[in-house]
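FYI, it's all coordinate maths here, none of it is from the lab. In this text, all values refer to a predicted model and were calculated from it rather than measured experimentally. When we count neighbours, we look across all protein chains shown, and the Cβ atoms used for this are built from the backbone with ideal geometry, even at glycine.
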Amino acid sequence: MVIGTKLQEMYRVMVTARYYEERLQEEYLEGKQPAFDISAGPIPGELHLAAGHEASAAGVCQHLRDDDTVTAPHRPHHIAIAKGVDLDRMTAEIFGRETGLSNGKGGHMHLFDPAVNFACSGIIAEGCPPAVGAGLAAKKRNEDSVAVAFIGEGAVSQGAFLESLNLAAVQNLPVVFVIEDNDWAISMPKDRVTDVEDASQRAGGFDLPGKRVDSDDATAVYAAAKEAVGRARDDNGPSLLELQVHRRMGHFMGDPESYRPAEDSEAAKNRDSIERLAAELRAAGVEDAELEEIRDEAHERVDSAIEWAKEQPQPDPEDAYEDVFAGSKSGVTTTEPAHELADTTRAGGDD
Ligand SMILES: Cc1ncc(C[n+]2csc(CCOP(=O)(O)OP(=O)(O)O)c2C)c(N)n1
Ligand SMILES: [Mg+2]
């Protein structure tokens, strides 16, 4: 049964993402306590976890191929996993190691894997214009690849998002905009920043189809994404898909969430799309043992990526300026101020 296999695959992605972040959480806290020291431990800096968002990534990316493009925001791990980003090199990147996807210089918010056309950014709505660019490139080349831009609901009033919707609409580009609505943008509840409760309605302003789906129901996400991605792939243009997700944790690790009503956090934790999908799979005849095997394999894969990443070398401080500007490997001196570098490049850099 095809749908059954797809749902099992979604379950695998979702349990992998959840366990991956549980393991990252443990690693992240090492050395940061008792007083929270954000720069200490094996994963220095911020860490945004996506527990409660998994069904969104799993349901959408089931319909994607390696040559399709995905851009993701600052909460990217579940989406990267669903898109098939190299888990070992992604983990090494998060740990800041030399063999990471960006040689350890990007960190968890700036994962980039050209092998599967995946990128993410800490700047909210930033992924929308590049996704439109990827859609335009596919169209110009007469290819049937599509682009998907994932953003949070906190990004829906950004110019980058609205301008991207407009350009994608007017050029009829193969782009799907996916909003993960977890009701919060850091400490800001959605109703304080917009009167548009259902952001999928914004699609109407661009004469595009828009749909809102609760991601508690992973199969409903799968079905809605099938329609949106199929529409883009068949050259019928862009669309907007808003998915209600649940932020089970703070905005980032170390967030005490003092701004958030306890019942809101509790409600998010009590709604689990992973458990719901497992129940559906059982009802469809999948044995408990099979689900356990999927979970065990996912856990082994994650543990092995984390083990591998921790054994990787730290980048050489001498290489700190490499990979910072295009052409830096070929001899442009990156210790010069940026304006001088720009002049050098204009004056005839070698690539
Ligand atoms: C252009 C821009 N403005 C502000 C910020 C600071 N910032 C980081 S995350 C965030 C909230 C994002 O909320 P949302 O888009 O809902 O995503 P979520 O964190 O809920 O997944 C903000 C305002 C930023 N990164 N980029
Ligand atoms: Mg949000």
Item to check | Cα centroid separation - region 225-294 against region 107-162, whole Å | outcome: 21
Item to check | Greater than 27 Å apart at Cα, pairs in K83/K139; K105/K226; K105/K269; K226/K310; K32/K310 | outcome: K105/K226; K105/K269; K226/K310
Item to check | Net lengthening on full extension, D255/E322 (0.36 nm per residue, minus Cα-Cα) | outcome: 20.8 nm
Checklist entry - At R23 and E98, where each label point lies 7 Å from the Cα along Cα→Cβ, what is the point-to-point distance in nanometres? => result 2.3
Checklist entry - Anyone know which of H78, H299, H110 comes out most mobile in the 10 Å Cα GNM of the chain? => result H299
Checklist outcome for this item: Counted neighbours (other Cβ, 10 Å), sorted fewest up, put S145, S102 in the order S102, S145
Item to check | Amide H partners (placed H, <5 Å) of C120, local residues excluded | outcome: A72, L111
Checklist entry - Considering amide H positions built from the backbone, and no H for Pro or chain starts, which residues 5 or more places from D214, or on another chain, come under 5 Å of its amide H? => result Q244
Next on the checklist: Give me the dipole magnitude in Debye, nearest 20, for region 2-320 about the Cα centre, with unit charges on the beta carbon: positive for Lys and Arg, negative for Asp and Glu.
Outcome noted: 920
Checklist entry - Based on DSSP, what percent of beta bridges with both residues in the chain are antiparallel, to the nearest 5? => result 15
